[in-house]
Amino acid sequence: SPKFAAHISGHYGKSIAPWPYAMLTGTLDPGQAAVDLSDFKTLQFWAKGDGKDYSVVLARAAVQDYANPRNDFKAPATWTKVMLNLVDFKQPSWGRQVPPKVSDILYISYTPAASFSDEDFNLWVDDVTLVK
């Protein structure tokens, strides 16, 4: 439905401000409210890509400067199950640090990792599951 869906967004350009980016985002609540993921320990999904590093970002309501907690993974060339522990998601050092929590998650986003150095975005994601 339009309220509960995956979205692809971004823009390409030179590696100067406003900085190129791409995101594959999935909302968690049809009303777009924050969701409590405290009962879950792991985010699991299948991924396939170009062998480059990507980040999974947990967008939190408490973070106002885009420095949301993230965890990096390598996009393998063949479909592979990826499992990321929620406790391993960390905020980047450039943002205002807030106490770590997973009780106010707005959406989950897949984006190029900070080490990404070109404009390619070749990532496929399927069967995203939160595991207790």
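Computed packing ranks the peptides 92-101, 49-58, 64-73, 35-44 as 49-58, 64-73, 35-44, 92-101, most packed first, by mean other Cβ atoms within 10 Å. In this simple spin-label model, placing a label point 7 Å from the Cα along the Cα-to-Cβ direction at both T78 and D36 gives a separation of 4.2 nm. Each 10 Å bin from zero up to the one holding the largest Cα-Cα distance in region 23-132 carries the following percent of pairs: 15, 48, 32, 5. With the simple model of a label 7 Å out from the Cα in the direction of the Cβ, Q97 to S115 spans 2.3 nm.
We did not get these values from a lab; they are worked out from the coordinates using the rules stated. This one's a predicted model, so the numbers in the text were calculated from it and none came from an experiment. A quick note on method: Cβ atoms are made from the backbone with ideal geometry, for glycine too, and the neighbour counts reach across all protein chains shown.
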